[in-house]
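What follows is calculated from the coordinates using simple rules that are stated; it is not laboratory data. All figures in this text were calculated on a predicted structure; none of them were measured in a lab. Here Cβ is always computed from backbone atoms with ideal geometry, including for glycine, and neighbour counts include all displayed protein chains.
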Amino acid sequence: DALDRAFIKSTGTFRSLFAGSPSGWHVFNRRRLSNVFYSAGVFIKKLNDTHIQPDGSWAEDTEPDAEATQKKTEETEETT
């Protein structure tokens, strides 16, 4: 398992306890995670801007329909 190998490598005999970062966390990996977090934030902001008014209420055309949600839930339960 990759996680086990990473743990063993980070806690090995020749690895200092005072190392600046865990083994394998190079600039590339940090940049990649930073891009994932940024993209997720942009996506969430876009969803909020689309479906929520500034006062916290639902936008008129996107207000959830309780009957449709219930019907969708029942259809999902029937197929499983």
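What the table shows:
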read-out	value
Stretch gain in nm, segment VAL36-PHE18, where the contour uses 0.36 nm per residue and the Cα spacing is subtracted	3.7 nm
Cβ-derived FRET efficiency at R0 35 Å, LYS46 paired with ARG5, nearest 0.05	0.40
Rounded to whole Hz, the Karplus (6.51, -1.76, 1.60) HN-Hα couplings of the range 27-32, x for glycine and proline	4, 4, 5, 5, 5, 4
Other-chain or far-sequence residues with amide H under 5 Å of ILE52's (modelled H)	ALA59
